[in-house]
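The values are calculated or read from the model by the stated rules, or taken from the named source; none is laboratory data. Computed from a predicted structure; not experimentally measured. Backbone-built Cβ (ideal geometry, glycine too); neighbour counts: all protein chains shown.
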Amino acid sequence: MKKIVLMYSGGLDTSCMLKWLQDKYKAKVISFTADLGQELGEKGSFKAIEDKAKMLGVEKRYTVDLKEEFTNEYVVPTIKANGLYQGIYPLSTAIGRPLLAKHAVLIAEKEGADAIAHGCTGKGNDQVRINVTARALKPDIKVLQPLVDWEMKSRAEEVEYAKKNGIPIANANKKYSTDENLFGRSCECDILEHPEEIPPEDACVWTVNPAKAPDTGEVVKIGFEKGIPVSVNDKKMSPMQVIEEVHVIAARNGVGRLEHMEDRTVGLKSRETYECPAAVTLITAHKDLEKYVCTKHENSFKTLVDQRWTELAYEGLWIDPLKEDLDAFINEVNSRVTGWVKVLLLKGSARAVARDSPNAIYSYKLATYELGSTYDQQASAGFIEIHGLQSRMAYQIKHGAVAAAASDAKKAPAKKK
């Protein structure tokens, strides 16, 4: 192996990997860092991450701004699909992994690299998402997982390895393992691995504690065009700007804290703690508007489509033909999802409270209980007669004969002994 593209975050794991890959394979390591809108914290800046890679002997370093692509090609489809895995998790981390794999492969092709490497463990979902996508895009690419292959089995051992090899450590006593992008934040490890324990407040950094959020709440108006979020409080924005604006508004009202016992793709059940203020608010708004403009039958069927789409995305099968097929249906439905929704953000909850659309399947003149309704109530009797016909017949066949027999038995004279 001559060249390896490493997905590099600048943290302890990937910094140790960088040195380990250099030593084990005697290969040139090329660093690839993606900007998905994450907060860098103690890492400082993307330049600081590049400088760290350079200090560790990396000659070729790539930092790629993927925020727009992530938003338009991954987040927006998730909103259109009302993507909530097991009804809770809005796929924030899951949908970022195929994008990282795609660009790692592109860099590998450009640089003539034999392999890509990432910092996923053998217990998580991310290894599946990255490996499947990379191998689909470039079947001959090797995908290396140092966390699975090396001898180190704990963070303490990694810290010791870093010290021996002159690798700077920003925070050796870090409690949690976190992942962030503009659509959400995940937090794992430490006490969070004990489902019987309530998550401590320091596990959440984006959102206000709902108990301390304003008592009056806040109403945010979100505009959509064909299922794409395009405005906040009547101010036109790009989808990425909408996400950033809604994030701030929802977070200050304590919206987006998610506690989830999650069934992983690899068979494990894990306790997950997420903060997804924008995702929760936007999906709440989108679902409400979609329901407003679609027929009963479309809404019922789309629920099934959304669930299957979400499972495919979660399981790392972004490139599966079925997902493309479902995308076609989802986009067709969303061609009418244009209008606005007002969402009440109140002490951790997000609830749609008003909406309007030129495509609404709603008529005040038909639905009103006031004088002037154009709905013909006399037509109800005939509808009810036909609507319940088979159900009534089935009930009578199943229960009617039994009831009649019991009645006859009561009427029959008692036999003399």
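Remarks
- Residues of region 11-30 classified as outside any helix (DSSP H, G or I) and surrounded by 20 or more Cβ atoms within 10 Å (Cβ to Cβ), total: 3
- Out of Ile319, Ile361, Ile386, sole residue that is at pLDDT below 95 and part of a loop (DSSP other than H, G, I, E, B): Ile361
- Residues in region 104-129 that are in contact with a strand residue (DSSP E or B) (Cβ under 7 Å, 6 or more places away or on another chain), within 20 Å of Cys16 (Cα to Cα) and in a helix (DSSP H, G or I): Ala104 alone.
- Residue match in region 224-245 (condition: among the basic types (Lys, Arg), in the same structural domain as Leu282 (by TED's automatic domain parsing) and crowded, with 17+ Cβ neighbours inside 10 Å): no
- In summary, Arg308 fulfils each of the numbered conditions (1) in contact with a helix residue (DSSP H, G or I) (Cβ under 7 Å, 6 or more places away or on another chain); (2) farther than 24 Å from Gly124 by Cα; (3) among the basic types (Lys, Arg) with the single exception of condition (2).
- Scan region 234-277 for residues that are farther than 15 Å from Ala94 by Cα and either assigned to a helix (DSSP H, G or I) or acidic (Asp, Glu) (or both) and the total you get is 16.
- In region 38-48 there is no residue matching the filter, namely being touching a helix residue (DSSP H, G or I) at 6+ places or on another chain (Cβ under 8 Å), crowded, with 18+ Cβ neighbours inside 10 Å and closer than 22 Å to Glu158 by Cβ.
- Members of region 169-220 found to be basic (Lys, Arg), buried (at least 16 other Cβ atoms within 10 Å of the Cβ) and out of contact with any strand residue (DSSP E or B) (no Cβ under 9 Å at 6 or more places or on another chain), listed by number: Lys174
- Scan region 50-101 for residues that are in contact with a strand residue (DSSP E or B) (Cβ under 7 Å, 6 or more places away or on another chain) and on the phi > 0 side of the Ramachandran plot and the total you get is 2.
- Output for region 166-203, where each listed residue is in contact with a Cys (Cβ under 9 Å, 6 or more places away or on another chain), modelled with pLDDT of 95 or more and in a loop (DSSP other than H, G, I, E, B): Phe183
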